[in-house]
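A.B. asks: Dropping a structure here in C-alpha coordinates format, bear with me for questions.
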Amino acid sequence: ILIFCWVYVRKYQSRRESEVISTITAIFALAVALITSALLPVDIFLVSYMKNQNGTFKVWADANVSRQIEDTVLYGYYTLYSIILFCVFLWIPFVYFYYEEKEDDDGNTCSQVKTALKYTLGFITICAVLLLIGAFVPLDIPNKKNSTEWEKVKLLFEEFGSSHGLTALSFSISSLTVIGMLAAITYTAYGMSALPLNLIKGTTSASYERLENTEDIEEVEQHLLRIKSKCRDGRPLSSRDRRTLQQLEERLRTLRRRGRHLESIEKSWWTKFCEAIRPLKIVWGVFFIIVALLFTVSLFLSNLDKALHSAGFDSGFIILGTNLTNPLNMLLPVLQRVFPLDYILITTIVMYFIFTSMAGIRNMGIWFFWIRLYKIRRGKTRPQALLFLCMILLLIVLHTSYMIYSLAPQYVMYGSQKYLVQWGVIVATYNQLGNIFRPLLDVSILFPFNLDQCIVTRTYLFLHKFWFFSAAYYFGNWAFIAVFLIGLVVSCCKGKKSVIEGEVDDDDSDMSDDELSVYYH
(Lines give C-alpha, C1' and ligand atoms only; values in the text may rest on other atoms or scores of the structure.)
Protein backbone atom coordinates (compact mmCIF):
# COMPACT_ATOMS: atom_id res chain seq x y z
CA ILE A 1 0.00 0.00 0.00
CA LEU A 2 2.80 2.39 0.88
CA ILE A 3 4.60 1.68 -2.40
CA PHE A 4 1.41 2.36 -4.38
CA CYS A 5 0.77 5.59 -2.45
CA TRP A 6 4.35 6.76 -3.03
CA VAL A 7 4.17 6.04 -6.78
CA TYR A 8 0.74 7.71 -7.09
CA VAL A 9 1.75 10.88 -5.24
CA ARG A 10 5.08 11.18 -7.07
CA LYS A 11 3.34 10.66 -10.41
CA TYR A 12 1.10 13.71 -10.00
CA GLN A 13 3.35 15.85 -7.82
CA SER A 14 4.93 18.99 -9.26
CA ARG A 15 8.70 18.69 -9.36
CA ARG A 16 9.28 22.42 -8.95
CA GLU A 17 6.94 22.85 -5.98
CA SER A 18 7.39 19.57 -4.14
CA GLU A 19 7.91 19.70 -0.38
CA VAL A 20 9.00 16.89 1.92
CA ILE A 21 6.33 17.59 4.56
CA SER A 22 3.43 17.77 2.09
CA THR A 23 4.66 14.65 0.26
CA ILE A 24 4.87 12.58 3.46
CA THR A 25 1.46 13.86 4.58
CA ALA A 26 -0.17 12.99 1.26
CA ILE A 27 1.38 9.48 1.19
CA PHE A 28 0.39 8.78 4.79
CA ALA A 29 -3.19 10.07 4.38
CA LEU A 30 -3.68 8.06 1.18
CA ALA A 31 -2.33 4.93 2.89
CA VAL A 32 -4.72 5.42 5.84
CA ALA A 33 -7.62 5.72 3.39
CA LEU A 34 -6.72 2.44 1.65
CA ILE A 35 -6.09 0.56 4.91
CA THR A 36 -9.41 1.74 6.35
CA SER A 37 -11.28 0.62 3.23
CA ALA A 38 -9.68 -2.85 3.57
CA LEU A 39 -11.07 -3.31 7.09
CA LEU A 40 -14.64 -4.03 5.90
CA PRO A 41 -13.80 -7.35 4.17
CA VAL A 42 -11.79 -8.38 7.25
CA ASP A 43 -14.77 -7.61 9.50
CA ILE A 44 -17.11 -9.72 7.35
CA PHE A 45 -14.60 -12.57 7.18
CA LEU A 46 -14.10 -12.75 10.96
CA VAL A 47 -17.81 -12.97 11.85
CA SER A 48 -18.26 -15.68 9.20
CA TYR A 49 -15.16 -17.64 10.21
CA MET A 50 -16.39 -18.16 13.79
CA LYS A 51 -19.21 -20.48 12.64
CA ASN A 52 -19.31 -23.85 10.91
CA GLN A 53 -21.33 -24.60 7.80
CA ASN A 54 -23.90 -26.46 9.94
CA GLY A 55 -24.75 -23.28 11.84
CA THR A 56 -22.87 -24.07 15.06
CA PHE A 57 -20.01 -22.09 16.51
CA LYS A 58 -16.53 -23.51 16.17
CA VAL A 59 -14.94 -25.07 19.23
CA TRP A 60 -12.56 -22.19 19.84
CA ALA A 61 -15.22 -19.51 19.24
CA ASP A 62 -16.82 -19.43 22.70
CA ALA A 63 -18.50 -16.35 24.11
CA ASN A 64 -15.29 -14.81 25.46
CA VAL A 65 -13.26 -15.37 22.29
CA SER A 66 -16.07 -14.07 20.09
CA ARG A 67 -16.35 -11.00 22.27
CA GLN A 68 -12.60 -10.42 22.10
CA ILE A 69 -12.63 -10.67 18.30
CA GLU A 70 -15.58 -8.28 18.07
CA ASP A 71 -13.87 -5.80 20.38
CA THR A 72 -10.59 -6.08 18.42
CA VAL A 73 -12.34 -5.25 15.15
CA LEU A 74 -14.29 -2.44 16.81
CA TYR A 75 -11.16 -0.90 18.30
CA GLY A 76 -9.46 -1.31 14.94
CA TYR A 77 -12.21 0.82 13.43
CA TYR A 78 -11.97 3.42 16.16
CA THR A 79 -8.17 3.57 15.89
CA LEU A 80 -8.24 4.16 12.14
CA TYR A 81 -11.15 6.58 12.46
CA SER A 82 -9.26 8.49 15.17
CA ILE A 83 -6.29 8.76 12.79
CA ILE A 84 -8.66 10.06 10.10
CA LEU A 85 -10.00 12.67 12.53
CA PHE A 86 -6.43 13.67 13.34
CA CYS A 87 -5.57 13.98 9.64
CA VAL A 88 -8.71 15.86 8.62
CA PHE A 89 -8.87 18.31 11.53
CA LEU A 90 -5.23 18.81 12.48
CA TRP A 91 -2.42 17.43 10.35
CA ILE A 92 -3.60 18.14 6.79
CA PRO A 93 -4.95 21.67 7.60
CA PHE A 94 -1.72 22.52 9.43
CA VAL A 95 0.51 21.38 6.54
CA TYR A 96 -1.75 23.14 4.03
CA PHE A 97 -1.67 26.50 5.84
CA TYR A 98 2.03 26.13 6.61
CA TYR A 99 2.76 25.74 2.91
CA GLU A 100 0.43 28.61 2.01
CA GLU A 101 2.22 30.84 4.51
CA LYS A 102 5.58 29.74 3.15
CA GLU A 103 4.55 30.86 -0.35
CA ASP A 104 3.23 34.24 0.85
CA ASP A 105 6.01 35.00 3.30
CA ASP A 106 9.64 33.91 3.12
CA GLY A 107 10.17 34.74 6.78
CA ASN A 108 11.35 32.51 9.58
CA THR A 109 9.89 29.08 10.29
CA CYS A 110 8.54 30.09 13.69
CA SER A 111 6.28 32.72 12.16
CA GLN A 112 4.98 30.26 9.57
CA VAL A 113 4.19 27.67 12.26
CA LYS A 114 2.33 30.23 14.39
CA THR A 115 0.22 31.38 11.46
CA ALA A 116 -0.56 27.79 10.41
CA LEU A 117 -1.57 26.89 13.99
CA LYS A 118 -3.82 29.94 14.14
CA TYR A 119 -5.80 28.84 11.08
CA THR A 120 -5.76 25.17 12.15
CA LEU A 121 -7.34 26.16 15.44
CA GLY A 122 -10.62 26.68 13.60
CA PHE A 123 -10.63 23.05 12.44
CA ILE A 124 -9.77 21.86 15.95
CA THR A 125 -12.71 23.87 17.30
CA ILE A 126 -15.08 22.20 14.84
CA CYS A 127 -13.76 18.77 15.87
CA ALA A 128 -14.21 19.62 19.57
CA VAL A 129 -17.81 20.77 18.97
CA LEU A 130 -18.64 17.52 17.14
CA LEU A 131 -17.11 15.44 19.92
CA LEU A 132 -19.07 17.34 22.58
CA ILE A 133 -22.33 16.99 20.68
CA GLY A 134 -21.77 13.26 20.22
CA ALA A 135 -20.79 12.82 23.87
CA PHE A 136 -23.65 14.67 25.50
CA VAL A 137 -26.60 14.05 23.20
CA PRO A 138 -28.19 10.80 24.46
CA LEU A 139 -29.41 8.23 22.00
CA ASP A 140 -32.26 7.20 24.32
CA ILE A 141 -34.38 10.08 25.58
CA PRO A 142 -35.58 9.46 29.17
CA ASN A 143 -39.30 8.77 29.40
CA LYS A 144 -39.73 10.23 32.87
CA LYS A 145 -41.76 13.37 32.42
CA ASN A 146 -41.25 14.59 36.00
CA SER A 147 -37.45 14.20 36.00
CA THR A 148 -35.50 17.26 37.12
CA GLU A 149 -32.90 19.10 35.07
CA TRP A 150 -30.16 17.77 37.35
CA GLU A 151 -31.29 14.18 36.70
CA LYS A 152 -31.16 14.82 32.95
CA VAL A 153 -27.63 16.25 33.20
CA LYS A 154 -26.60 13.31 35.39
CA LEU A 155 -27.93 10.91 32.74
CA LEU A 156 -25.79 12.63 30.09
CA PHE A 157 -22.61 12.16 32.11
CA GLU A 158 -23.52 8.55 32.96
CA GLU A 159 -23.98 7.73 29.27
CA PHE A 160 -20.72 9.48 28.42
CA GLY A 161 -18.87 7.50 31.09
CA SER A 162 -20.42 4.15 30.13
CA SER A 163 -19.42 4.49 26.49
CA HIS A 164 -15.93 5.78 27.33
CA GLY A 165 -16.37 8.54 24.79
CA LEU A 166 -16.79 6.13 21.86
CA THR A 167 -20.21 7.61 21.06
CA ALA A 168 -18.58 11.03 20.70
CA LEU A 169 -16.07 9.61 18.24
CA SER A 170 -18.84 7.81 16.38
CA PHE A 171 -20.85 11.03 16.05
CA SER A 172 -17.81 12.92 14.73
CA ILE A 173 -17.03 10.21 12.20
CA SER A 174 -20.68 10.05 11.11
CA SER A 175 -20.63 13.82 10.55
CA LEU A 176 -17.55 13.45 8.37
CA THR A 177 -19.25 10.54 6.59
CA VAL A 178 -22.05 12.88 5.52
CA ILE A 179 -19.41 15.16 3.98
CA GLY A 180 -17.85 12.07 2.40
CA MET A 181 -21.27 11.23 0.98
CA LEU A 182 -21.35 14.63 -0.76
CA ALA A 183 -17.85 14.02 -2.11
CA ALA A 184 -18.88 10.55 -3.34
CA ILE A 185 -21.93 12.01 -5.07
CA THR A 186 -19.71 14.59 -6.77
CA TYR A 187 -16.60 12.58 -7.66
CA THR A 188 -17.27 8.84 -7.33
CA ALA A 189 -20.56 8.89 -9.23
CA TYR A 190 -18.93 10.80 -12.09
CA GLY A 191 -15.79 8.65 -11.99
CA MET A 192 -17.87 5.46 -12.33
CA SER A 193 -19.11 6.72 -15.71
CA ALA A 194 -16.06 8.66 -16.92
CA LEU A 195 -13.40 6.01 -16.21
CA PRO A 196 -14.85 3.13 -18.28
CA LEU A 197 -15.99 5.33 -21.16
CA ASN A 198 -12.57 7.00 -21.39
CA LEU A 199 -10.99 3.55 -21.59
CA ILE A 200 -13.40 2.50 -24.34
CA LYS A 201 -13.13 5.69 -26.43
CA GLY A 202 -9.42 6.20 -25.89
CA THR A 203 -7.59 9.40 -26.83
CA THR A 204 -6.93 11.16 -30.11
CA SER A 205 -3.78 10.36 -32.07
CA ALA A 206 -0.71 12.40 -31.06
CA SER A 207 0.37 12.81 -34.69
CA TYR A 208 -3.11 14.00 -35.73
CA GLU A 209 -3.24 16.50 -32.84
CA ARG A 210 0.24 17.73 -33.70
CA LEU A 211 -0.82 18.36 -37.32
CA GLU A 212 -3.89 20.32 -36.16
CA ASN A 213 -1.75 22.24 -33.68
CA THR A 214 0.69 23.22 -36.46
CA GLU A 215 -2.19 24.55 -38.57
CA ASP A 216 -3.48 26.56 -35.58
CA ILE A 217 0.01 28.06 -35.06
CA GLU A 218 0.17 29.17 -38.70
CA GLU A 219 -3.30 30.70 -38.48
CA VAL A 220 -2.45 32.66 -35.31
CA GLU A 221 0.87 33.88 -36.79
CA GLN A 222 -0.93 35.16 -39.90
CA HIS A 223 -3.46 36.98 -37.73
CA LEU A 224 -0.60 38.57 -35.75
CA LEU A 225 1.05 39.77 -38.94
CA ARG A 226 -2.20 41.37 -40.13
CA ILE A 227 -2.56 43.30 -36.88
CA LYS A 228 1.11 44.40 -36.77
CA SER A 229 0.90 45.58 -40.38
CA LYS A 230 -1.52 48.31 -39.27
CA CYS A 231 1.23 50.18 -37.42
CA ARG A 232 3.97 49.99 -40.05
CA ASP A 233 3.45 53.60 -41.09
CA GLY A 234 3.86 54.79 -37.49
CA ARG A 235 0.21 54.90 -36.52
CA PRO A 236 -0.51 53.54 -33.01
CA LEU A 237 -2.77 50.55 -32.60
CA SER A 238 -6.22 51.00 -31.13
CA SER A 239 -6.96 49.66 -27.65
CA ARG A 240 -9.03 46.87 -29.20
CA ASP A 241 -6.16 45.80 -31.47
CA ARG A 242 -3.71 45.88 -28.54
CA ARG A 243 -5.94 43.59 -26.51
CA THR A 244 -6.34 41.26 -29.48
CA LEU A 245 -2.56 41.30 -30.05
CA GLN A 246 -1.89 40.36 -26.43
CA GLN A 247 -4.43 37.53 -26.54
CA LEU A 248 -2.99 36.16 -29.77
CA GLU A 249 0.56 36.22 -28.38
CA GLU A 250 -0.59 34.27 -25.31
CA ARG A 251 -2.45 31.86 -27.58
CA LEU A 252 0.69 31.39 -29.69
CA ARG A 253 2.81 30.58 -26.62
CA THR A 254 0.25 27.99 -25.50
CA LEU A 255 0.12 26.38 -28.95
CA ARG A 256 3.90 26.14 -29.10
CA ARG A 257 3.97 24.48 -25.67
CA ARG A 258 1.33 22.04 -26.89
CA GLY A 259 3.46 21.33 -29.93
CA ARG A 260 6.50 20.51 -27.77
CA HIS A 261 4.46 18.19 -25.55
CA LEU A 262 2.84 16.46 -28.51
CA GLU A 263 6.25 15.93 -30.08
CA SER A 264 7.55 14.35 -26.86
CA ILE A 265 4.50 12.09 -26.54
CA GLU A 266 4.67 11.04 -30.18
CA LYS A 267 8.26 9.82 -29.75
CA SER A 268 7.87 8.22 -26.31
CA TRP A 269 7.89 4.47 -25.71
CA TRP A 270 4.94 4.81 -23.32
CA THR A 271 2.68 6.00 -26.15
CA LYS A 272 3.66 3.01 -28.27
CA PHE A 273 3.00 0.68 -25.34
CA CYS A 274 -0.47 2.20 -24.75
CA GLU A 275 -1.32 1.74 -28.43
CA ALA A 276 -0.28 -1.92 -28.21
CA ILE A 277 -2.60 -2.62 -25.25
CA ARG A 278 -5.51 -0.65 -26.71
CA PRO A 279 -7.71 -3.79 -27.11
CA LEU A 280 -7.11 -4.64 -23.44
CA LYS A 281 -8.21 -1.16 -22.41
CA ILE A 282 -11.47 -1.60 -24.34
CA VAL A 283 -12.11 -4.91 -22.57
CA TRP A 284 -11.47 -3.30 -19.18
CA GLY A 285 -13.73 -0.38 -20.10
CA VAL A 286 -16.61 -2.69 -21.03
CA PHE A 287 -16.09 -4.65 -17.80
CA PHE A 288 -16.06 -1.47 -15.68
CA ILE A 289 -19.22 -0.09 -17.27
CA ILE A 290 -21.02 -3.40 -16.65
CA VAL A 291 -19.88 -3.31 -13.02
CA ALA A 292 -21.03 0.31 -12.69
CA LEU A 293 -24.46 -0.53 -14.09
CA LEU A 294 -24.67 -3.55 -11.76
CA PHE A 295 -23.91 -1.31 -8.79
CA THR A 296 -26.44 1.28 -9.85
CA VAL A 297 -29.24 -1.28 -10.33
CA SER A 298 -28.43 -2.91 -6.98
CA LEU A 299 -28.38 0.46 -5.22
CA PHE A 300 -31.70 1.46 -6.82
CA LEU A 301 -33.43 -1.77 -5.78
CA SER A 302 -32.02 -1.54 -2.25
CA ASN A 303 -33.22 2.05 -1.86
CA LEU A 304 -36.59 1.16 -3.37
CA ASP A 305 -36.89 -1.66 -0.83
CA LYS A 306 -36.24 0.83 1.98
CA ALA A 307 -38.77 3.28 0.55
CA LEU A 308 -41.49 0.59 0.40
CA HIS A 309 -40.83 -1.55 3.46
CA SER A 310 -38.88 0.45 6.05
CA ALA A 311 -40.34 2.14 9.12
CA GLY A 312 -39.75 5.54 7.53
CA PHE A 313 -37.71 8.63 8.20
CA ASP A 314 -37.75 8.43 12.02
CA SER A 315 -36.04 5.03 11.91
CA GLY A 316 -33.41 6.06 9.37
CA PHE A 317 -35.12 3.89 6.71
CA ILE A 318 -33.67 0.74 8.31
CA ILE A 319 -35.25 -2.56 7.28
CA LEU A 320 -34.85 -6.00 8.86
CA GLY A 321 -34.42 -8.43 6.02
CA THR A 322 -34.62 -8.07 2.26
CA ASN A 323 -37.97 -7.84 0.47
CA LEU A 324 -36.67 -6.76 -2.95
CA THR A 325 -33.49 -8.61 -3.75
CA ASN A 326 -30.85 -7.13 -6.00
CA PRO A 327 -28.24 -8.71 -8.29
CA LEU A 328 -25.30 -8.16 -5.95
CA ASN A 329 -27.16 -9.42 -2.88
CA MET A 330 -28.02 -12.58 -4.86
CA LEU A 331 -24.49 -13.05 -6.22
CA LEU A 332 -22.61 -12.89 -2.91
CA PRO A 333 -24.43 -15.84 -1.24
CA VAL A 334 -23.79 -17.94 -4.36
CA LEU A 335 -20.07 -17.12 -4.24
CA GLN A 336 -19.96 -18.12 -0.56
CA ARG A 337 -19.99 -21.76 -1.64
CA VAL A 338 -16.47 -21.42 -3.07
CA PHE A 339 -14.07 -19.86 -0.59
CA PRO A 340 -12.87 -17.08 -0.87
CA LEU A 341 -14.75 -15.79 -3.95
CA ASP A 342 -17.18 -13.68 -1.92
CA TYR A 343 -14.36 -11.93 -0.06
CA ILE A 344 -12.50 -11.33 -3.31
CA LEU A 345 -15.64 -9.73 -4.76
CA ILE A 346 -16.32 -7.50 -1.74
CA THR A 347 -12.67 -6.39 -1.70
CA THR A 348 -12.85 -5.67 -5.43
CA ILE A 349 -15.98 -3.56 -4.89
CA VAL A 350 -14.29 -1.51 -2.19
CA MET A 351 -11.19 -0.93 -4.33
CA TYR A 352 -13.41 -0.10 -7.32
CA PHE A 353 -15.04 2.72 -5.36
CA ILE A 354 -11.64 4.07 -4.32
CA PHE A 355 -10.14 4.07 -7.82
CA THR A 356 -13.26 5.51 -9.48
CA SER A 357 -13.15 8.27 -6.85
CA MET A 358 -9.53 8.97 -7.82
CA ALA A 359 -10.56 9.05 -11.49
CA GLY A 360 -13.41 11.45 -10.76
CA ILE A 361 -11.18 13.85 -8.82
CA ARG A 362 -8.51 13.66 -11.52
CA ASN A 363 -10.98 14.45 -14.32
CA MET A 364 -12.96 17.16 -12.55
CA GLY A 365 -10.33 18.81 -10.38
CA ILE A 366 -11.08 20.16 -6.91
CA TRP A 367 -14.05 22.50 -6.67
CA PHE A 368 -15.65 24.60 -3.95
CA PHE A 369 -19.22 24.95 -5.19
CA TRP A 370 -18.80 26.73 -8.57
CA ILE A 371 -15.19 27.82 -7.94
CA ARG A 372 -12.42 25.60 -9.26
CA LEU A 373 -9.61 25.55 -6.71
CA TYR A 374 -7.05 23.14 -8.14
CA LYS A 375 -6.38 20.83 -11.07
CA ILE A 376 -4.93 17.35 -10.72
CA ARG A 377 -2.35 17.05 -13.50
CA ARG A 378 0.39 14.54 -14.07
CA GLY A 379 3.71 15.91 -12.86
CA LYS A 380 2.27 19.40 -12.26
CA THR A 381 -0.08 19.10 -9.27
CA ARG A 382 0.56 21.60 -6.50
CA PRO A 383 1.15 20.33 -2.95
CA GLN A 384 -2.08 21.98 -1.74
CA ALA A 385 -4.06 20.11 -4.38
CA LEU A 386 -2.54 16.77 -3.32
CA LEU A 387 -3.49 17.48 0.30
CA PHE A 388 -7.04 18.29 -0.77
CA LEU A 389 -7.16 15.11 -2.87
CA CYS A 390 -6.09 12.94 0.08
CA MET A 391 -8.57 14.63 2.41
CA ILE A 392 -11.41 14.03 -0.05
CA LEU A 393 -10.40 10.37 -0.38
CA LEU A 394 -10.37 10.00 3.40
CA LEU A 395 -13.93 11.32 3.56
CA ILE A 396 -15.09 9.13 0.66
CA VAL A 397 -13.62 6.03 2.34
CA LEU A 398 -15.78 6.75 5.40
CA HIS A 399 -18.86 6.66 3.18
CA THR A 400 -17.77 3.55 1.29
CA SER A 401 -18.87 1.22 4.09
CA TYR A 402 -22.44 2.49 3.91
CA MET A 403 -22.41 2.25 0.12
CA ILE A 404 -21.41 -1.42 0.35
CA TYR A 405 -24.12 -1.99 2.98
CA SER A 406 -26.68 -0.43 0.65
CA LEU A 407 -25.60 -2.76 -2.16
CA ALA A 408 -25.63 -5.97 -0.07
CA PRO A 409 -27.27 -5.27 3.32
CA GLN A 410 -27.67 -8.84 4.57
CA TYR A 411 -24.17 -9.88 3.58
CA VAL A 412 -22.55 -6.86 5.22
CA MET A 413 -24.51 -7.56 8.42
CA TYR A 414 -23.77 -11.28 8.79
CA GLY A 415 -21.40 -12.45 6.07
CA SER A 416 -21.88 -16.17 5.36
CA GLN A 417 -23.20 -17.17 8.80
CA LYS A 418 -25.91 -19.80 9.22
CA TYR A 419 -27.95 -20.58 12.34
CA LEU A 420 -30.15 -23.35 13.75
CA VAL A 421 -33.94 -23.17 13.90
CA GLN A 422 -35.81 -25.65 16.09
CA TRP A 423 -39.53 -26.50 16.26
CA GLY A 424 -40.23 -28.76 19.21
CA VAL A 425 -37.86 -31.71 18.88
CA ILE A 426 -37.44 -31.34 15.10
CA VAL A 427 -34.52 -29.33 13.84
CA ALA A 428 -34.86 -28.17 10.25
CA THR A 429 -33.72 -25.40 8.01
CA TYR A 430 -34.02 -23.84 4.58
CA ASN A 431 -31.46 -23.28 1.90
CA GLN A 432 -31.53 -20.28 -0.45
CA LEU A 433 -34.33 -21.87 -2.55
CA GLY A 434 -36.56 -22.67 0.44
CA ASN A 435 -36.04 -26.46 0.36
CA ILE A 436 -35.83 -28.22 3.74
CA PHE A 437 -32.63 -30.20 3.64
CA ARG A 438 -30.18 -29.30 6.43
CA PRO A 439 -30.44 -28.07 10.04
CA LEU A 440 -29.46 -24.47 9.28
CA LEU A 441 -30.62 -21.15 7.85
CA ASP A 442 -28.49 -18.82 5.75
CA VAL A 443 -28.40 -15.54 7.66
CA SER A 444 -27.41 -13.63 4.55
CA ILE A 445 -30.80 -14.52 3.07
CA LEU A 446 -33.18 -14.45 6.05
CA PHE A 447 -32.96 -12.08 9.01
CA PRO A 448 -32.59 -14.16 12.17
CA PHE A 449 -35.15 -14.03 14.92
CA ASN A 450 -32.63 -15.30 17.45
CA LEU A 451 -29.83 -12.74 17.45
CA ASP A 452 -27.88 -14.71 20.07
CA GLN A 453 -26.99 -17.29 17.42
CA CYS A 454 -25.48 -14.79 15.00
CA ILE A 455 -22.83 -12.10 15.26
CA VAL A 456 -23.42 -8.76 13.60
CA THR A 457 -20.44 -7.06 11.98
CA ARG A 458 -19.05 -4.04 13.77
CA THR A 459 -19.52 -2.07 10.55
CA TYR A 460 -23.30 -2.45 10.73
CA LEU A 461 -23.48 -1.38 14.38
CA PHE A 462 -21.31 1.63 13.65
CA LEU A 463 -23.36 2.71 10.63
CA HIS A 464 -26.70 2.68 12.44
CA LYS A 465 -25.76 4.29 15.74
CA PHE A 466 -27.62 7.49 14.81
CA TRP A 467 -30.87 7.18 12.86
CA PHE A 468 -30.72 10.71 11.39
CA PHE A 469 -27.41 9.96 9.70
CA SER A 470 -28.91 6.80 8.20
CA ALA A 471 -31.75 8.91 6.81
CA ALA A 472 -29.22 11.30 5.25
CA TYR A 473 -27.37 8.37 3.65
CA TYR A 474 -30.66 7.09 2.21
CA PHE A 475 -31.37 10.35 0.39
CA GLY A 476 -27.71 10.56 -0.60
CA ASN A 477 -28.03 7.22 -2.42
CA TRP A 478 -30.80 8.63 -4.60
CA ALA A 479 -28.62 11.64 -5.40
CA PHE A 480 -25.71 9.29 -6.20
CA ILE A 481 -27.83 7.39 -8.72
CA ALA A 482 -29.00 10.62 -10.36
CA VAL A 483 -25.47 12.04 -10.69
CA PHE A 484 -24.18 8.75 -12.11
CA LEU A 485 -26.86 8.73 -14.82
CA ILE A 486 -26.20 12.38 -15.68
CA GLY A 487 -22.45 11.70 -15.81
CA LEU A 488 -23.05 8.67 -18.02
CA VAL A 489 -25.01 10.75 -20.54
CA VAL A 490 -22.41 13.53 -20.51
CA SER A 491 -19.52 11.07 -20.93
CA CYS A 492 -21.29 9.37 -23.85
CA CYS A 493 -21.88 12.70 -25.62
CA LYS A 494 -18.31 13.93 -25.20
CA GLY A 495 -15.79 13.05 -27.87
CA LYS A 496 -12.36 11.53 -27.43
CA LYS A 497 -10.06 13.16 -24.92
CA SER A 498 -6.90 14.89 -26.07
CA VAL A 499 -3.74 12.89 -25.52
CA ILE A 500 -2.49 15.81 -23.38
CA GLU A 501 -5.87 16.58 -21.76
CA GLY A 502 -5.42 19.14 -18.98
CA GLU A 503 -1.63 19.07 -19.13
CA VAL A 504 -1.12 22.37 -20.98
CA ASP A 505 -2.93 25.53 -19.85
CA ASP A 506 -2.67 29.19 -20.75
CA ASP A 507 -1.35 30.07 -17.29
CA ASP A 508 1.53 27.55 -17.44
CA SER A 509 5.07 28.82 -17.67
CA ASP A 510 7.57 27.63 -20.23
CA MET A 511 9.57 26.09 -17.35
CA SER A 512 6.73 23.61 -16.80
CA ASP A 513 7.59 21.90 -20.08
CA ASP A 514 10.49 20.13 -18.40
CA GLU A 515 8.21 18.54 -15.77
CA LEU A 516 6.18 16.47 -18.19
CA SER A 517 9.17 15.40 -20.23
CA VAL A 518 10.17 13.11 -17.33
CA TYR A 519 7.25 10.81 -18.22
CA TYR A 520 7.86 10.69 -21.95
CA HIS A 521 11.56 9.91 -22.19
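A.B. asks: Just to verify a number: what accessible area does Val334 come out at with the full protein assembly present, 1.4 Å probe, Å² rounded to tens?
C.D. replies: Looks like 80 Å² after rounding.
A.B. asks: Filter the trypsin sites (Lys or Arg not before Pro) in region 195-297 down to the DSSP loop ones having no more than 15 other Cβ atoms within 10 Å, then list what survives.
C.D. replies: Filter output for region 195-297: Arg232.
A.B. asks: So, taking all protein chains as they sit and a 1.4 Å probe, how much accessible area belongs to Cys454, in Å² rounded to tens?
C.D. replies: Its heavy atoms expose roughly 10 Å² to the probe.
A.B. asks: Within region 166-297, what whole-number % of the accessible surface is contributed by carbon and sulfur, with the 1.4 Å probe and all protein chains included in the calculation?
C.D. replies: 60 percent
A.B. asks: Towards the positive end of the charge dipole of region 214-311, with charges on Cβ (+1 Lys, Arg; -1 Asp, Glu), say which of Leu245, Ala307, Leu262 has the farthest Cα.
C.D. replies: The Cα lying farthest towards the positive end belongs to Leu245.
A.B. asks: I would also like to ask the following. When all protein chains stay in place, what accessible area (Å², nearest 10, 1.4 Å probe) is found for Asp216?
C.D. replies: Looks like 60 Å² after rounding.
A.B. asks: Under a point-charge model restricted to the Cβ atoms of Lys and Arg (+1) and Asp and Glu (-1), what is the dipole moment magnitude of region 209-254 relative to its Cα centre, in debye to the nearest 20?
C.D. replies: Taking the Cα centre of region 209-254 as origin, the dipole is about 520 debye.
A.B. asks: Could I have the simple spin-label model distance between Gln247 and Glu275, label points 7 Å from Cα toward Cβ, reported in nm to one decimal?
C.D. replies: With each label placed 7 Å out from Cα toward Cβ, I get 3.7 nm.
A.B. asks: Related question: Considering only protein heavy atoms and a probe of 1.4 Å, how much of the accessible area of region 30-93 is carbon and sulfur, as a whole percent?
C.D. replies: Carbon plus sulfur share of accessible area: 67 percent.
A.B. asks: Still on this structure, I have one more. Which entries of Lys272/Lys496; Lys51/Lys306; Lys281/Lys497 have Cα-Cα distances beyond 23 Å here?
C.D. replies: Distance filter (> 23 Å) returns Lys51/Lys306.
A.B. asks: For Trp367 paired with Lys230, estimate the spin-label separation in nm (one decimal), with each label point 7 Å from Cα along the Cα-to-Cβ line.
C.D. replies: 3.8 nm
A.B. asks: Residues of region 1-100: accessible area per residue at 1.4 Å, in Å²?
C.D. replies: 46 Å²
The values are calculated or read from the model by the stated rules, or taken from the named source; none is laboratory data. Just so it is clear, the model here is predicted, and its values are computed rather than measured. Backbone-built Cβ (ideal geometry, glycine too); neighbour counts: all protein chains shown. We work out accessible area using only protein heavy atoms, side chains counted, and drop any ligands, DNA or RNA first. Shrake-Rupley method; radii C 1.70, N 1.55, O 1.52, S 1.80 Å.
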